[in-house]
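Rule-based calculations on the coordinates, nothing more; no lab input. Small disclaimer: the values here were computed from a predicted structure and weren't measured. Cβ: placed from backbone, ideal geometry, glycine included. Neighbour counts: every protein chain shown.
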Amino acid sequence: MIDRIRELAKKEAIEFTHHARTQMYVRKIDTSDVKQCLLNSEIIEEYRDDKPYPSFLICAKLDQKYIHVVCAVAEEQLFIITTYYPDDELWIAHKKRK
C-alpha cells in the first residue's frame, strides 16, 4: 500500500479535508511537508475497515522532526485526514503508541 500512496502523491492526486487544513494551519505544517511525508514514509498503523476508504497512519522524518499523516486511499485519490507532530509522551520512537 505504501507504493500506492507514493504513486498517488507523485501524481499530486491529494485532497485535504477541512479538518486537515485547519490542523495544518494551527500546527504550522505546510502542504509540501505533507507531500514529502507521503513520498518518504512508512505505514505505522492501518485502519482497513474505515469508510468510505481504508486509511493509514504514516510517519516520516523531515529535517530533524517526525511528522504523522493520516490518509485515506481511494482508487485514484489520497484524502489527507489529519497531520501532526507526534508527542513524545504518547509515542515510542515516534512510531509506536505507548
(message) If you filter the range 15-56 for trypsin sites (Lys or Arg not before Pro), then keep DSSP loop positions with at most 11 other Cβ within 10 Å, what is left?
(response) 28, 48
(request) Taking only Cα atoms and a 10 Å spring cutoff, compute GNM fluctuations for the chain and point out the largest among 75, 46, 12. (result) 75
(request) Report the charge-dipole magnitude of the range 21-84 in Debye, nearest 20, computed about the Cα centre from +1 at each Lys and Arg Cβ and -1 at each Asp and Glu Cβ. (result) 320
(message) Need one number: nm distance between label points at residue 61 and residue 1, each 7 Å from Cα along Cα→Cβ, rounded to one decimal.
(response) 2.4
(request) Assuming 0.890 mPa s and 25 °C, estimate D for the chain with Stokes-Einstein, Rh taken as the Kirkwood radius over Cα pairs, in µm²/s. (result) 184
(request) Name the long-range amide H neighbours of residue 17: under 5 Å, sequence gap of 5 or more, or other chain; modelled H, no Pro or chain starts. (result) 80
(request) Count the lysine pairs in the chain whose Cα atoms lie under 14 Å apart, taking only pairs 8 or more positions apart in sequence or on different chains. (result) 6
(request) Provide the FRET efficiency to the nearest 0.05 for the residue 51-residue 13 pair, computing r from the beta carbons and using R0 = 25 Å. (result) 0.80
(message) Taking the Cα of residue 97, stepping 7 Å toward and past its beta carbon, and measuring to each backbone N in the range 51-88: which are under 12 Å?
(response) 57
(message) Taking 22 Å as R0, compute the FRET efficiency from the Cβ-Cβ separation of residue 43 and residue 22 and round it to 0.05.
(response) 0.35
